[in-house]
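Notes follow the structure.
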Amino acid sequence: MELHITLHGRKELADQLYRQLRDGIDSGRLAAGTQLPPTRLLAEQLGVSRKTVAEAYSRLTYDNLLSGQVGRGTFVTPQPPAPAASAPDTPLAGADTLARWRARGIPMGRPTLAQPSRYDFVGGASSKAHFPFDTWRQCSQHALRQCQRTDTRYSNAQGLHELREAIARHIAFARGVRCTAADVQVCNGAQQALDLIARVLIEPGCSVAMEDPGYPPAKYLFEALGARVRHVPVDREGIRVDLIEDGVRLIYVTPSHQFPLGMPMSLERRHALLARAAALGALIIEDDYDSEFRYAARPTDALQSLDRNGLVAYVGTFSKTVLPELRLGYAILPPALQEPVCIAKRLSDWHTSTLSQWTLARFIDEGHLVRHVRRSHALYAARRERILQRLEADLGQWFEAIPTSAGYHLSALAKGELDVEEVIAQAREKEVGLYSLRPFHTEAAPKPGLLLGFGAIELLDIDPALDRLRETLHALS
């Protein structure tokens, strides 16, 4: 790779080269430790004499910007950090729009702590210690061989056919979803699936209904696209269908494991929601983010499997069952959305990484995903059971668990006048990471309580962590 230098004319070439190299070093474009080309090679690339390059290098060495190492070459010398560049004086025409984006912040970002919590009940995180990395590496090797055999053109925006087949078989087996490979859209995580569906349906000023409390990234996404988000309260059976307003174009729900409270939507409420959507002509997004981990004897059907009118887009992710860094998710789309969403995907990022798709397809087809889910289920079930036992025993005077049958987080509502935010702050002093339900409420009165994730905390750490919570609660009482 050639060093980018632009020389003009045939005069003062050594000065031009010196100034450009110095500017590159001062600006950080040529970082400390960067090796510069040998004088002969750079002279040939620039079409100048070797003496010209040597003179520029010599001046930079004299200024302590370059240093020569015998037998190795010429390198950029480490420099003191440059002062931060000041903001440009010319205001941007879109400054107000940028300010609104900055005001949103990063939804559901973990707090920045000087010291990470020793015991962390963060939600949405799984335990990497139990993931079969060796098996994944073998699948990755297969994926590399597949990529080597194919041409270098871009892949299908809808997703690799082999992966879509594997996804269709997997969710039909695990969740009873009715689909074929033609209905599957592969995405970069569930969040992109939400974005693509919303992008082809939402216009500025249209109405979108979603649960309150609910999933903040979905809310901010819909608002960013110009929608008016209607926050619909939930009860023990799920979203209050009778409070969904007329004129709603899109309804976003988490029926199998309501986020963040955790209760499943009842069968009667599911049928009512489908009927209301049919009356409105509204599409339902069913976010089934972690319901492959189920603890009830009789699992509930996916909302999509009850749909007979093509009104449900089912969204799933492998961030919970495989690895969050993988950023692979999918949507099972009704026929009306399949072509528009595929076009939006192509305009957005052309297609999801083919190498990752081949790897995941192999991982599913060889049965590794099912085995990993089963092993993880046993781990999560034991952790969940231990937390519930403690909430019913020595922590019962302060908290009451909300019944839940899926996922790897549960919520516990505070009893009495307990100051949950103070409990969280004091627990962090004892190295216990706890999370409040308050940020997930918008218009509904906040339910004081905790969201307790058990995907990333080991079973043997639960009792010591909850012992420290109990000590904190006694101290505050």
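Extension gain for the segment Lys415 to Lys11, taken as residue separation times 0.36 nm less the Cα-Cα distance, is 137.2 nm to one decimal. If both residues of a DSSP beta bridge must be in the stretch 132-367, then about 35% of such bridges are antiparallel. Please name whichever of Trp136, Phe222, Thr321 sits farthest to the positive end of the charge dipole of the stretch 132-367, dipole taken about the Cα centre and charges placed at Cβ: Lys and Arg +1, Asp and Glu -1. So the residue we want is Trp136.
Between Ala95 and Asp26, the FRET efficiency estimated from the beta carbon spacing at R0 = 25 angstrom works out to 0.25. With neighbours defined as other Cβ atoms within 10 Å of a residue's Cβ, the residues Lys51, Lys345 order from fewest to most as Lys51, Lys345. The phi torsions of the stretch 470-475, fed into the Karplus equation with coefficients 6.51, -1.76 and 1.60 and a -60° offset, translate into couplings of 4, 4, 4, 5, 4, 5 Hz, rounded to whole numbers, with Gly and Pro shown as x. Were the residues from Arg386 through Arg118 laid out at 0.36 nm apart, the gain over their Cα-Cα distance would be 94.6 nm. Taking amide H atoms as placed 1.01 Å from N in the peptide plane, the amide H of Phe259 lies under 5 Å from those of Thr254, each 5 or more residues away in sequence or on another chain. Residues with beta-carbon under 10 Å from that of Ile171, excluding Ile171: net charge, scoring Lys, Arg +1 and Asp, Glu -1? Net charge in that neighbourhood comes out at +1.
Taken one residue at a time, the phi angles of the stretch 415-427 give Karplus couplings (6.51, -1.76, 1.60, θ = phi - 60°) of 9, x, 9, 5, 8, 5, 5, 5, 4, 4, 5, 5, 5 Hz. Gly and Pro are set to x.
What is the packing order of peptides 61-70, 351-360, 393-402, 314-323, taking the mean over residues of other C-beta atoms within 10 Å and listing the highest first?
314-323, 351-360, 393-402, 61-70
Charge dipole of the chain (Cα centre as origin; +1 on each Lys and Arg Cβ, -1 on each Asp and Glu Cβ, all else neutral): 1320 debye, rounded to the nearest 20. For the chain, find the longest principal axis of its Cα atoms and tell me its angle to the long axis of helix 368-392, 0 to 90°, nearest 10. It is inclined by approximately 60 degrees. Calculated FRET efficiency, Leu355 to Arg169, Cβ-Cβ distance, R0 = 22 Å: about 0.55 to the nearest 0.05. For the chain, the share of DSSP beta bridges that are antiparallel, to the nearest 5, is 55%. Here Lys345 is the anchor, and the lysines within straight C-alpha reach of less than 28 Å, apart from those fewer than 8 places off in the same chain, are Lys219, Lys320. Put simply, the amide H of Arg230, placed in the peptide plane, has neighbours under 5 Å in Val208, Ala209, Met210, leaving out anything fewer than 5 places away on its chain. Per residue, the chain reaches -13000 deg cm²/dmol at 222 nm when only DSSP H runs of four or more residues are counted, each adding -39500 (n - 2.57). Label zone of Glu471 (point 7 Å out along Cα→Cβ, amide N under 18 Å): in the stretch 386-414 this covers 394-395.
Among the trypsin sites (Lys or Arg not before Pro) found in the stretch 371-424, those both in a DSSP coil and sparsely packed, with 16 or fewer other Cβ atoms within 10 Å of their Cβ, are Lys415. A straight chain from Leu243 to Arg19 at 0.36 nm per residue would run longer than the Cα-Cα distance by 73.8 nm.
Placing unit charges on the Cβ atoms only, positive for Lys and Arg and negative for Asp and Glu, gives the stretch 13-76 a dipole magnitude near 160 debye about its Cα centre. The calculated Kirkwood hydrodynamic radius for the stretch 13-76 is 11.7 Å, given to one decimal from all distinct C-alpha pairs.
Ranking Trp350, Thr6, Leu369 by Cα position along the charge dipole of the chain, where only Lys, Arg, Asp and Glu carry charges on their C-beta atoms, puts Thr6 farthest toward the positive end. Between Arg178 and Gln69, the FRET efficiency from the beta-carbon distance, with R0 = 56 Å, is close to 0.25.
Any read-out appearing in this document is the output of simple, stated calculations on the displayed coordinates, not a laboratory observation. Since we're looking at a predicted model, the values are computed, not measured. A quick note on method: Cβ atoms are made from the backbone with ideal geometry, for glycine too, and the neighbour counts reach across all protein chains shown.
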